[in-house]
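J.: Below: one structure in structure tokens.
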Amino acid sequence: MEGIVSLLAAVPLAAVLVGPDARILAANAAAREMLGQAIEGRHFLTAMRQPDLRAAIEATAGDGTVRSITYQAAKDGRDSTFRAHVAAVTLEKGAAPGVLVSFEDLTEREQAAQMRRDFVANVSHELRTPLTSLMGFIETLQGPARRDEAAMDRFLGIMAREAARMERLVHDLLSLSRVEGEERVRPREPVDLSSVMGTVVTMLRPLARERGCALRFEPGEACLVPGNADQLQQVFTNLVENAIKYGGDDNEVEITLAAHPNDVTLRGPAIAATVRDRGPGIDPLHIPRLTERFYRVDTHRSREMGGTGLGLAIVKHIVNRHRGRLRIASEPGQGSTFCVILPRWTG
């Protein structure tokens with residue numbers, strides 16, 4: 001029996017040995033954590049309550065056939081998916097066999113598969129609307145509006161906007177794919193965040209004037225971080241542009257850079273780049289999901305502004321690649337604050 005216990009302890013999966021008398025003879029640490037610490041000696045029915053799993057164990061104990069079943073059970077307060085492998089094992093020569101049950105947690109795999117399905121569905125949905133509009137206008141221009149110059153000008157303008165929307169979506173999808181592919185490769189070239197932010201402010205100042213937004217940034221001494229200048233410019237262009245677009249009337253966007261000799265989050269010297277607006281703010285309920293692909297607080301308004309729903313997802317992956325942290329704070333009527341904390345260049 002000691003050999004069986006040591007063998008189960010070496011198995012990386014949760015594993016339980018059920019004896020001929022239907023009682024649990026042994027279980028490794030992973031199984032005890034999953035099913036309960038004091039399960040040895042108990043009837044297996046008291047520890048494993050899923051009907052399909054019970055039936056598989058009883059059937060394998062009777063005919064010795066190997067079985068595999070997939071079932072769902074609660075784990076840490078959420079539904080998880082498991083695959084149980086059930087096989088008969090000989091315990092003693094001439095004695096009735098026992099049953100070895102091992103468990104594989106498929107939850108992360110199922111979640112990844114669901115994310116892929118959701119991603120395909122979201123992309124299809126985002127493309128279907130402009131494509132439907134384009135096809136409808138093309139059909140109209142080929143038919144009733146063939147010689148209507150006023151209608152042609154109006155429809156062609158709408159078609160150009162819808163085509164531009166699809167182009168932005170495809171560009172952001174390619175950008176997201178590229179960033180995800182590079183996420184494990186840490187940039188190691190020194191980049192001056194003050195210079196990057198100055199470039200972003202210069203690029204977006206015309207948009208700020210157009211929206212009646214006061215854009216405030218005071219360049220200071222060099223703030224060096226290990227990074228990719230183009231990707232960091234993409235991060236802060238997205239954050240500042242969002243602050244300008246969604247900040248509402250009489251908005252003010254303030255950009256600051258601050259050095260921290262020992263940041264608690266990164267456990268070392270860091271630079272905190274903060275973009276703060278005075279807009280309507282965001283309900284805190286939305287904040288945990290803002291960096292999800294295609295998640296929008298206000299879908300209609302976002303599309304009107306030309307948003308694809310991928311900007312903050314791209315920001316998150318770029319910040320992760322730079323081994324940084326993104327913090328978001330907002331309250332309705334109090335504006336929003338997006339803070340990117342990056343490790344400081346140490347040479």
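J.: Go through (1) modelled with pLDDT of 85 or more; (2) not in a helix (DSSP H, G or I) for V201 and report which single condition fails.
T.: (2)
J.: Further question on the same structure: The conditions are (1) open to solvent by 60 Å² or more (accessible area, probe 1.4 Å); (2) farther than 30 Å from R161 by Cα; (3) without any contact (Cβ under 8 Å) to a residue 12 or more places away in the chain; (4) of a type outside the set (D, E), and Q142 fails exactly one of them. Which is it?
T.: Only one criterion in (1) open to solvent by 60 Å² or more (accessible area, probe 1.4 Å); (2) farther than 30 Å from R161 by Cα; (3) without any contact (Cβ under 8 Å) to a residue 12 or more places away in the chain; (4) of a type outside the set (D, E) is unmet by Q142, namely (2).
J.: Within the range 317-331, track down each residue that is closer than 23 Å to R278 by Cα and among the hydrophobic types (A, V, I, L, M, F, W, C). Before the answer, list the steps.
T.: Of all residues in the range 317-331, those closer than 23 Å to R278 by Cα come to 325-331.
L326, I328, A329 - these are the residues of the range 317-331 that are closer than 23 Å to R278 by Cα and among the hydrophobic types (A, V, I, L, M, F, W, C).
J.: Please list, ordered by first then second residue, the pairs with beta carbon atoms under 8 Å, 6 or more apart or interchain, first in the range 11-32 and without any contact (Cβ under 8 Å) to a residue 40 or more places away in the chain, second small (G, A, S) and assigned to a loop (DSSP other than H, G, I, E, B).
T.: R23/G41; I24/G41
J.: Being among the hydroxyl-bearing types (S, T, Y), free of Cβ contacts under 8 Å to residues at least 60 places away in the same chain and within 20 Å of A96 (Cβ to Cβ): is that true of T65 here?
T.: Working: among the hydroxyl-bearing types (S, T, Y): yes; free of Cβ contacts under 8 Å to residues at least 60 places away in the same chain: yes; within 20 Å of A96 (Cβ to Cβ): yes.
So T65 passes the test.
J.: Could you tell me which residue of the range 81-99 is surrounded by the fewest Cβ atoms within 10 Å (Cβ to Cβ), considering only residues that are in contact with a helix residue (DSSP H, G or I) (Cβ under 6 Å, 6 or more places away or on another chain) and under 17 Å from V16 (Cβ atoms)? Give the derivation first.
T.: Going through the range 81-99, the residues in contact with a helix residue (DSSP H, G or I) (Cβ under 6 Å, 6 or more places away or on another chain) turn out to be 81, 84, 86, 88, 99.
Narrowing further to those that are under 17 Å from V16 (Cβ atoms): 84, 86, 88, 99.
On the way: A84: 22, V86: 22, A88: 17, V99: 25.
Out of the qualifying residues, it is A88.
J.: Give the residues of the range 261-302 that are over 22 Å from E331 (Cβ atoms) and free of Cβ contacts under 8 Å to residues at least 24 places away in the same chain, sorted by residue number.
T.: Applying the first criterion (over 22 Å from E331 (Cβ atoms)) to the range 261-302 yields 261-264, 266-271, 293-294, 300.
Selection gives P261, N262, V264, R267, H300.
J.: Filter the range 38-71 down to residues that are under 18 Å from P20 (Cβ atoms) and touching a His at 6+ places or on another chain (Cβ under 9 Å) and give me whichever is most open to solvent (accessible area, probe 1.4 Å).
T.: Among those that are under 18 Å from P20 (Cβ atoms) and touching a His at 6+ places or on another chain (Cβ under 9 Å), it is V66.
J.: When the range 34-49 is examined, which residues are found to be free of Cβ contacts under 8 Å to residues at least 24 places away in the same chain and touching a helix residue (DSSP H, G or I) at 6+ places or on another chain (Cβ under 9 Å)?
T.: L35, G36, A38, I39, E40, L45, listed by residue number.
J.: Okay, moving on. Say whether the condition of being of a type outside the set (A, V, I, L, M), open to solvent by 20 Å² or more (accessible area, probe 1.4 Å), assigned to a strand (DSSP E or B) and within 30 Å of R293 (Cβ to Cβ) is met by at least one residue in the range 100-108.
T.: From the range 100-108, those of a type outside the set (A, V, I, L, M) are 102-105, 107-108; that's our starting set.
Narrowing the set further to residues that are open to solvent by 20 Å² or more (accessible area, probe 1.4 Å) leaves 102, 104-105, 108.
Narrowing further to those that are assigned to a strand (DSSP E or B): 102, 104-105.
Keeping just the survivors that are within 30 Å of R293 (Cβ to Cβ) gives 104-105.
Yes, some residue in the range 100-108 is of a type outside the set (A, V, I, L, M), open to solvent by 20 Å² or more (accessible area, probe 1.4 Å), assigned to a strand (DSSP E or B) and within 30 Å of R293 (Cβ to Cβ).
J.: May I pose another question? Within the range 161-194, how many residues are in a helix (DSSP H, G or I) and open to solvent by 50 Å² or more (accessible area, probe 1.4 Å)? Write out each step before concluding.
T.: Here is the first cut: in the range 161-194, the residues in a helix (DSSP H, G or I) are 161-182, 193-194.
Those left that are additionally open to solvent by 50 Å² or more (accessible area, probe 1.4 Å): 161, 167-168, 170-171, 174, 177-178, 180-182.
Counting residues in the range 161-194 that are in a helix (DSSP H, G or I) and open to solvent by 50 Å² or more (accessible area, probe 1.4 Å) gives 11.
J.: How many residues, within the range 245-255, are open to solvent by 10 Å² or more (accessible area, probe 1.4 Å) and either at pLDDT 90 or above or over 26 Å from the mean Cα position of the chain (by Cα) (or both)? Write out each step before concluding.
T.: Our first condition is that a residue be open to solvent by 10 Å² or more (accessible area, probe 1.4 Å); within the range 245-255, this holds for 245-246, 248-250, 252, 254.
Among the residues that remain, those that are also either at pLDDT 90 or above or over 26 Å from the mean Cα position of the chain (by Cα) (or both) are: 248-250, 252, 254.
Residues in the range 245-255 being open to solvent by 10 Å² or more (accessible area, probe 1.4 Å) and either at pLDDT 90 or above or over 26 Å from the mean Cα position of the chain (by Cα) (or both): 5 in total.
J.: Mind listing just one residue for me: the one in the range 51-74 that is in a loop (DSSP other than H, G, I, E, B) and of a type outside the set (S, T, Y) and, of those, farthest from A88 (Cα to Cα)? Before you say what the answer is, go through the steps one by one.
T.: Pass one, the range 51-74, residues in a loop (DSSP other than H, G, I, E, B): 64-66.
Among the residues that remain, those that are also of a type outside the set (S, T, Y) are: 64, 66.
Numbers: G64: 5, V66: 7 Å.
Among those residues, the one meeting the criterion is V66.
J.: Within the range 152-162, is even one residue touching a helix residue (DSSP H, G or I) at 6+ places or on another chain (Cβ under 7 Å), more than 28 Å from L310 (Cα to Cα) and modelled with pLDDT of 80 or more?
T.: yes
J.: Output the residue which, of all residues in the range 264-316 that are modelled with pLDDT of 85 or more, open to solvent by 20 Å² or more (accessible area, probe 1.4 Å) and assigned to a helix (DSSP H, G or I), is nearest to P226 (Cα to Cα).
T.: Applying the filter and picking the extreme gives K316.
J.: Given the structure, is I158 touching a Phe, Trp or Tyr at 6+ places or on another chain (Cβ under 7 Å), open to solvent by 30 Å² or more (accessible area, probe 1.4 Å) and either farther than 16 Å from Q233 by Cα or in contact (Cβ under 8 Å) with a residue 40 or more places away in the chain (or both)? Write out each step before concluding.
T.: Working: touching a Phe, Trp or Tyr at 6+ places or on another chain (Cβ under 7 Å): yes; open to solvent by 30 Å² or more (accessible area, probe 1.4 Å): yes; either farther than 16 Å from Q233 by Cα or in contact (Cβ under 8 Å) with a residue 40 or more places away in the chain (or both): yes.
In short, yes.
J.: Working only within the range 204-244, note down all residues that are in a helix (DSSP H, G or I) and over 24 Å from the mean Cα position of the chain (by Cα). First the steps, then the outcome.
T.: Step one: filter the range 204-244 for residues in a helix (DSSP H, G or I), giving 204-211, 229-244.
Matches in the range 204-244: L204, R205, P206, L207, A208, R209, E210, R211, I244.
The values are calculated or read from the model by the stated rules, or taken from the named source; none is laboratory data. Just so it is clear, the model here is predicted, and its values are computed rather than measured. Counting neighbours? That spans all protein chains shown, and the Cβs are built from the backbone with ideal geometry, glycine included. We work out accessible area using only protein heavy atoms, side chains counted, and drop any ligands, DNA or RNA first. Shrake-Rupley method; radii C 1.70, N 1.55, O 1.52, S 1.80 Å.
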